[in-house]
Amino acid sequence: MNKRVAAIDTGTNTCLMLIAENDNNSLKVIDDVLRVPRLGRNVDKEKNISPASVSKLIEVLKEYKIIIDKNSCATIKATGTSALRDARNRDEVVKEVFISTGVKIEIISGEKEAMLSYNGAVSGVTDKESNYIVIDIGGGSTEICYLENGELIRKSLDIGSVRITEKFFTSDNHSQLTSAQEFIRREFAELSEMNFENKKLIGTAGTVTTLSLIKNGYKDFTPEIENKIISSEEINDILNRLSKMKNDEILSLGSFMKDRNDIIFAGVLILNEFLNFTKLDSVTVSIRGLRYGIALEELEING
């Protein structure tokens, strides 16, 4: 059996695990799992991860350890992103998780997260000749990354679907919409020195995959959405549609809305504002991202 790695992305909303191996310098996926402990609930406001959220994460990682052991993984590489970067009690959380599960979480910088997400997303594209920008809209932060003259240009911003929801949309998607847009636009103003011309946009993480599932009328998640394209007009239309929907109507869109129904509007708003800012006209969907970048790095796979 080839060396197998379990790559775990401990995010603000989700905890994802990819089990993969190196098959002739190509990533062979053995298993790909998603759970939603929402580790970053109220972290933007409280600056601490709650005991309840830690307990949910530990429960998920114990489940993952069973899967890891069954698949005889030689390496476990777990990363922590925005929620753990922001939390004052991050060290205590990492210690408690390790004692309870044996999984050591490495808290990575936003720039490192951007690089790994870029590598993961680009590894799945069919057109290798194009110049790509990768946007990873997470629960707590959004990462933007692209190659320019052989150099990886990357930026991490403190806007994400959970963070924006908790700041502006705890009661509805209307009353504070203008305030949310202004906040997001101020963050994107930090990208004014970046070059977005003659590039194609790839979107990874739950917001973009959920958008594609809605657009294509799926009721359950399917990997068939990989490399599908969503236009800026379609994204704007779905945003307007979501703004008028009640919670039960959003849930009825599909099983993929479970644990995402309350934050999807904010995620789509971030993407819509990014497209307006950059004047890009579409996004290509990637079901890959950070965990794939971790696996590629651990397995020393190039491209």
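With respect to being touching a residue at least 24 places away in the same chain (Cβ under 8 Å), out of contact with any Lys or Arg (no Cβ under 9 Å at 6 or more places or on another chain) and surrounded by fewer than 19 Cβ atoms within 10 Å (Cβ to Cβ), residue 148 fits the description. Here is a check on your reading of the model: is residue 226 more than 19 Å from residue 142 (Cα to Cα) and touching a residue at least 60 places away in the same chain (Cβ under 8 Å)? Considered against the rule, which asks whether it is more than 19 Å from residue 142 (Cα to Cα) and touching a residue at least 60 places away in the same chain (Cβ under 8 Å), residue 226 comes out as yes.
Would you say residue 56 is within 19 Å of residue 161 (Cβ to Cβ), free of Cβ contacts under 8 Å to residues at least 40 places away in the same chain, in a helix (DSSP H, G or I) and open to solvent by 60 Å² or more (accessible area, probe 1.4 Å)? Don't jump to the end; show me each part of the working.
Numbers: within 19 Å of residue 161 (Cβ to Cβ): yes; free of Cβ contacts under 8 Å to residues at least 40 places away in the same chain: yes; in a helix (DSSP H, G or I): yes; open to solvent by 60 Å² or more (accessible area, probe 1.4 Å): yes.
Spelling it out, residue 56 is indeed within 19 Å of residue 161 (Cβ to Cβ), free of Cβ contacts under 8 Å to residues at least 40 places away in the same chain, in a helix (DSSP H, G or I) and open to solvent by 60 Å² or more (accessible area, probe 1.4 Å).
The rows are residues; the columns are (1) under 17 Å from residue 117 (Cβ atoms); (2) acidic (Asp, Glu); (3) touching a residue at least 60 places away in the same chain (Cβ under 8 Å); (4) assigned to a helix (DSSP H, G or I).
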site: 178; (1), (2), (3), (4): no, no, no, yes
site: 183; (1), (2), (3), (4): no, no, no, yes
site: 190; (1), (2), (3), (4): no, yes, no, yes
site: 219; (1), (2), (3), (4): no, no, no, no
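Scanning the range 103-117 for residues that are modelled with pLDDT of 85 or more and either over 26 Å from residue 74 (Cα atoms) or open to solvent by 20 Å² or more (accessible area, probe 1.4 Å) (or both) gives 104, 106, 107, 109, 111, 112, 115.
Could we say that residue 235 is assigned to a helix (DSSP H, G or I), under 20 Å from the mean Cα position of the chain (by Cα), among the aliphatic types (A, V, I, L, M) and buried (at least 20 other Cβ atoms within 10 Å of the Cβ) here? In short, yes.
Here is a yes/no grid of residues against (1) at pLDDT below 95; (2) touching a helix residue (DSSP H, G or I) at 6+ places or on another chain (Cβ under 8 Å); (3) open to solvent by 10 Å² or more (accessible area, probe 1.4 Å); (4) basic (Lys, Arg):
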{"position": "206", "(1), (2), (3), (4)": "yes, yes, yes, no"}
{"position": "209", "(1), (2), (3), (4)": "yes, yes, yes, no"}
{"position": "212", "(1), (2), (3), (4)": "yes, yes, no, no"}
{"position": "223", "(1), (2), (3), (4)": "yes, no, yes, no"}
{"position": "229", "(1), (2), (3), (4)": "yes, no, yes, no"}
{"position": "240", "(1), (2), (3), (4)": "yes, no, yes, no"}
{"position": "243", "(1), (2), (3), (4)": "yes, yes, yes, no"}
{"position": "269", "(1), (2), (3), (4)": "no, yes, no, no"}
{"position": "288", "(1), (2), (3), (4)": "yes, yes, yes, yes"}
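State which residue is modelled with the lowest pLDDT when the search covers only the range 124-143 and only residues that are in a strand (DSSP E or B) and open to solvent by less than 10 Å² (accessible area, probe 1.4 Å).
Taking the range 124-143 first, the residues in a strand (DSSP E or B) are 132-137, 142-143.
Add one more test, that the residue is open to solvent by less than 10 Å² (accessible area, probe 1.4 Å), and what stays is 133-135, 137, 142-143.
On the way: 133: 92, 134: 92, 135: 94, 137: 93, 142: 92, 143: 89.
Here the answer is 143.
If you check residue 272 against the conditions, is it without any contact (Cβ under 8 Å) to a residue 12 or more places away in the chain and closer than 18 Å to residue 179 by Cα? No; evaluated as a whole, the condition is false for this residue.
Taking the stated definitions as given, is residue 275 over 19 Å from residue 163 (Cα atoms), within 18 Å of the chain's Cα centre (by Cα), hydrophobic (A, V, I, L, M, F, W, C) and part of a helix (DSSP H, G or I)?
Values: over 19 Å from residue 163 (Cα atoms): yes; within 18 Å of the chain's Cα centre (by Cα): yes; hydrophobic (A, V, I, L, M, F, W, C): yes; part of a helix (DSSP H, G or I): yes.
It is true that residue 275 is over 19 Å from residue 163 (Cα atoms), within 18 Å of the chain's Cα centre (by Cα), hydrophobic (A, V, I, L, M, F, W, C) and part of a helix (DSSP H, G or I).
If you go through the range 59-98 and pick out every residue that is open to solvent by 10 Å² or more (accessible area, probe 1.4 Å) and farther than 22 Å from residue 163 by Cβ, you end up with 18.
The values are calculated or read from the model by the stated rules, or taken from the named source; none is laboratory data. Every value quoted in this text rests on a predicted model; they were computed, and no experiment measured them. Because the Cβ atoms are built from the backbone with ideal geometry, glycine has one as well, and the counts that use them run over all protein chains shown. Accessible surface areas use protein heavy atoms only, side chains included; no ligands, DNA or RNA. Shrake-Rupley method; radii C 1.70, N 1.55, O 1.52, S 1.80 Å.
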